[in-house]
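Bear in mind that the values in this text are calculations on the coordinates, not laboratory data. It should be emphasised that the depicted structure is a prediction, and the values quoted were computed from it without experimental measurement.
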């Protein structure tokens, strides 16, 4: 008779362990799904903000860029962000996100592939249009998703 109670106790404990494990896995899946949807929404605009340029707005551009990149990215590419490297001739480069896809999701980072239509405009010249595709890693920084890496694919 006691063995019947022991077997039932083992079954109940096993069920509790299985339920707790399933709940933790589900919670982890929800976190990954949230990460995916958050980055999917902001990846295109963040890339456009990072790479679009308007000559004569060096300091404003620098502030816009710093708002979407991690501190490490800013340190690594600091010379690019330096106002002294701004274009000296009038130039406007506009990135318009076309498509964003998520290639990997983890608890602390999300990798996205962003394609954009890019237009370069100079006074007195025809605009030049082309397409760029980037592999971009986003990491949490201060509670926000920021660009930690951006590699050109196409």
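Tabulated results
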quantity	calculated
Cα principal axis extents for region 45-154, largest first, Å	48, 27, 18
Separation between Cα centres of region 84-154 and region 30-77, rounded to whole Å	8 Å
